Amino acid sequence: MIKCNDHRPNDKCGVVGVTSTESCSMYIYFALRALQHRGQESAGIVTYDNVIHYKRGMGLVHEIFDEALIKNLRGTCGIGHVRYSTQGSSSLDNAQPVVASSSLADISLGHNGEIVNAAHLREKYQKAGWAFFTDSDSEIIIRMLVNEIKLCNGDVVNALKKLAKNLVGSYSITIQVGSNIYAIRDPMGIKPLCIGKLPTGFIVASESVALDSIGAAFIRDVEPGEIIELTTANLRSDRLVEERGQVAHCMFEFVYFARPDSVLDGRVVYDVRKNIGRIIAKESPVEADYVVPIPDSGMSVALGYSEESDIPFAEGLMKNRYIGRTFIMPVHHMRELNVSLKMNPLKTLVKDKRVILVDDSIVRGTTIRRIVQSVRQAGAKEVHVRIGSPPIISPCYLGIDMKTRDQFVAKPQEDQEKPYERVAKIITADSLAHISIDGLVEAIGLPKDSLCLGCLTEEYPVPIENEKMRSESC
Ligand code: SF4
């Protein structure tokens, strides 16, 4: 299957946890629908009313759940998850939340992120006689948590502190233990997580749009390294690790993954993307007749570029929002058509015009190349490309599906004289420019040393075998 976003990286997952004096399942369902952009492979909801009720399935949230199913998920607390696999294969076995029973409690857990030392932990516990049933890192986390809760005589907060000592990587996790909901965010705050107030309880979720979707009031972001414990009446905070160290929010959440109407770590994503557009317009101006976004990801960046450059914004590419999933096209001609099925240039607009195409990122370059060609075939005189992230040159080990250096069209070459010109030729554009790293940092508006820029700089915030650490050069 060609994934819908085959030209750009895929996240990751979305997590939700709800406590409510009334049934919580409908809240979780709508919150997951608001987070659907974070994962479309599988989804699941677990609720608790003295026993665990759960449903997981492959596909989109609305394809898995109907009203009757949601009503059957009884209980006043629960968690939900949407998944795109970064570790572990795409199968129902790996769908989340993952569930475990122990003599002390029924536990379920939903994870967004990636545990860098998962293979080491798996090997260690397998040697100790543990059997694992899936290949996902989330199963390792829940098994370790169950073990720690036993060792801590049922003290979940202490168990979470001990668990965190052994996890390296990115994790925003919601956990149901009996009738309590816990949420933890890794000490560097790599993945987002926020808290909201419902009239009947509380919600924690990956993005604030999930809160908006169910009428919850935003309280604040979960701090890096924080433990949140929710009951229907109270919210309690503790620390996974006492010391607050360096943080490393994933820059890609701002550039592409999060919804533009979300607020992440104090920054409105839409504003960040417009800033990005304004800054590229200043850094890499070019004369043209129209600024055309590649929908939907290039929309806010293109608006910013247009405002700064005074070049009119125009919807010159129309996206078919109903194409859904596509199959591997059997013949080359059909594969080429695949882009046109999803994205079609407005011929009357682009004919004989100089067009600036704007998108968020380039990974392989294959899709942008086809889009450039289709705009040219529609009669455009010149096609320039402006990209809202600096070139991606290095893999992500922290929760994003970009695993090998070879896949990046911008991977450093021996002759690095004019890297943009080389890639511009590959994608058949008249010119290509990315925002600079400093420009991106300015657009996000957070200090450079509070961001993860690993896939742009090859310097990561946590130790990764054969890679440099950020602290080595900061
Ligand atoms: S390496 Fe890139 S994509 Fe991965 S967490 Fe860091 S900034 Fe985000």
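All of (1) assigned to a helix (DSSP H, G or I); (2) farther than 30 Å from Leu160 by Cα; (3) of a type in the set (A, V, I, L, M, F, W, C) hold for Val292 with one exception: (1).
Here are Leu121, Leu145: which of them is surrounded by 21 or more Cβ atoms within 10 Å (Cβ to Cβ), outside the structural domain of Lys403 (by TED's automatic domain parsing) and of a type outside the set (Ser, Thr, Tyr)? Let's see the steps before the verdict.
Values: Leu121 fails: surrounded by 21 or more Cβ atoms within 10 Å (Cβ to Cβ).
One residue alone meets the criteria, Leu145.
Which residues, counting only those in region 268-284, are of a type outside the set (S, T, N, Q) and touching a strand residue (DSSP E or B) at 6+ places or on another chain (Cβ under 9 Å)? Working first, answer last.
Of the residues in region 268-284, the ones of a type outside the set (S, T, N, Q) are 268-274, 276-283.
Those that are of a type outside the set (S, T, N, Q) and touching a strand residue (DSSP E or B) at 6+ places or on another chain (Cβ under 9 Å): Val269, Val272, Gly277, Ile280, Ala281, Glu283.
Exactly one of (1) in a strand (DSSP E or B); (2) under 24 Å from Arg74 (Cβ atoms); (3) in contact with a Lys or Arg (Cβ under 8 Å, 6 or more places away or on another chain); (4) not basic (Lys, Arg) is unmet by Leu104. Its number? Exception for Leu104: condition (1).
The set of residues from region 30-39 being crowded, with 24+ Cβ neighbours inside 10 Å and either outside the structural domain of Val204 (by TED's automatic domain parsing) or not charged (D, E, K, R) (or both) comprises Ala31, Leu32, Ala34, Leu35, Gly39. Residue-level check: of (1) within 16 Å of the ligand (Cβ to nearest atom); (2) touching a residue at least 60 places away in the same chain (Cβ under 8 Å), Val286 misses just (1). Among the residues of region 401-423, is there at least one that is within 12 Å of the ligand (Cβ to nearest atom), closer than 27 Å to Asn166 by Cα and either free of Cβ contacts under 8 Å to residues at least 12 places away in the same chain or in contact with a strand residue (DSSP E or B) (Cβ under 6 Å, 6 or more places away or on another chain) (or both)? Looking through region 401-423, at least one residue is within 12 Å of the ligand (Cβ to nearest atom), closer than 27 Å to Asn166 by Cα and either free of Cβ contacts under 8 Å to residues at least 12 places away in the same chain or in contact with a strand residue (DSSP E or B) (Cβ under 6 Å, 6 or more places away or on another chain) (or both). Please verify whether region 244-258 includes one or more residues that are modelled with pLDDT under 95 and away from the ligand (no atom under 16 Å from the Cβ). Yes - at least one qualifying residue is present in region 244-258.
Listed conditions (1) within 30 Å of Ile371 (Cα to Cα); (2) within 24 Å of the chain's Cα centre (by Cα) are all met by Gly266, apart from (1). Determine whether region 180-196 contains at least one residue that is surrounded by fewer than 18 Cβ atoms within 10 Å (Cβ to Cβ) and either over 17 Å from Val15 (Cα atoms) or in contact with a helix residue (DSSP H, G or I) (Cβ under 9 Å, 6 or more places away or on another chain) (or both). For region 180-196, residues surrounded by fewer than 18 Cβ atoms within 10 Å (Cβ to Cβ) and either over 17 Å from Val15 (Cα atoms) or in contact with a helix residue (DSSP H, G or I) (Cβ under 9 Å, 6 or more places away or on another chain) (or both): absent. Across region 451-471, the number of residues qualifying as within 9 Å of the ligand (Cβ to nearest atom), over 10 Å from Cys396 (Cβ atoms) and touching a strand residue (DSSP E or B) at 6+ places or on another chain (Cβ under 8 Å) comes to 3.
Can we say Phe218 is over 25 Å from Gly169 (Cα atoms) and touching a residue at least 12 places away in the same chain (Cβ under 8 Å)? Yes: the conditions hold for Phe218. Looking across Ile149, Ile228, one residue alone is within 26 Å of His249 (Cβ to Cβ) and either of a type outside the set (Gly, Ala, Ser) or within 16 Å of the ligand (Cβ to nearest atom) (or both). It is Ile228.
Here Val350 meets the list (1) away from the ligand (no atom under 16 Å from the Cβ); (2) in contact with a Pro (Cβ under 8 Å, 6 or more places away or on another chain) almost entirely, failing just condition (2).
Only one of the numbered conditions (1) closer than 27 Å to Asn117 by Cα; (2) in a loop (DSSP other than H, G, I, E, B) is violated by Asp406, and that is (2).
Looking only at region 419-469, how many residues end up being outside any loop (DSSP other than H, G, I, E, B), in contact with a Phe, Trp or Tyr (Cβ under 9 Å, 6 or more places away or on another chain) and of a type in the set (Val, Ile, Thr)? Break it down stepwise before answering.
Taking region 419-469 and keeping what is outside any loop (DSSP other than H, G, I, E, B), we get 419-426, 431-434, 437-444, 448-452, 454-457, 459-460, 468-469.
Now narrow it down to the ones that are in contact with a Phe, Trp or Tyr (Cβ under 9 Å, 6 or more places away or on another chain): 431-434, 440, 443-444, 451-452, 454-455, 460, 468-469.
Checking which are of a type in the set (Val, Ile, Thr) leaves us with 444.
Qualifying residue count for the region: 1.
Considering region 382-400 alone, what residues qualify as being within 15 Å of the ligand (Cβ to nearest atom) and over 28 Å from Tyr270 (Cβ atoms)? The answer is Pro395, Tyr397. Residues of region 166-209 that are among the polar types (S, T, N, Q) and either outside any loop (DSSP other than H, G, I, E, B) or away from the ligand (no atom under 16 Å from the Cβ) (or both): Asn166, Ser170, Ser172, Thr174, Gln176, Ser179, Asn180, Thr200, Ser208. Taking region 428-440 as the range and being within 26 Å of the chain's Cα centre (by Cα) and more than 12 Å from the ligand (Cβ to nearest atom) as the test, the residues that pass are Leu432, Ala433, His434, Ile435, Ser436, Asp438, Gly439. Against the list (1) hydrophobic (A, V, I, L, M, F, W, C); (2) within 24 Å of the chain's Cα centre (by Cα); (3) surrounded by 14 or more Cβ atoms within 10 Å (Cβ to Cβ), the condition Leu235 fails is (2).
Testing Phe254 on (1) in contact (Cβ under 8 Å) with a residue 60 or more places away in the chain; (2) assigned to a loop (DSSP other than H, G, I, E, B); (3) not small (Gly, Ala, Ser), one condition comes back false. Which one is that? Of everything listed in (1) in contact (Cβ under 8 Å) with a residue 60 or more places away in the chain; (2) assigned to a loop (DSSP other than H, G, I, E, B); (3) not small (Gly, Ala, Ser), Phe254 misses just condition (2). Of all residues in region 360-381, those satisfying the criterion of being buried (at least 18 other Cβ atoms within 10 Å of the Cβ), more than 16 Å from the ligand (Cβ to nearest atom) and outside any helix (DSSP H, G or I) are Gly365, Ala378, Ala380.
The values are calculated or read from the model by the stated rules, or taken from the named source; none is laboratory data. Keep in mind that this is a model prediction, so the values were computed, not measured. Every residue, glycine as well, gets a Cβ built from its backbone with ideal geometry; the counts of neighbours run over all protein chains shown.
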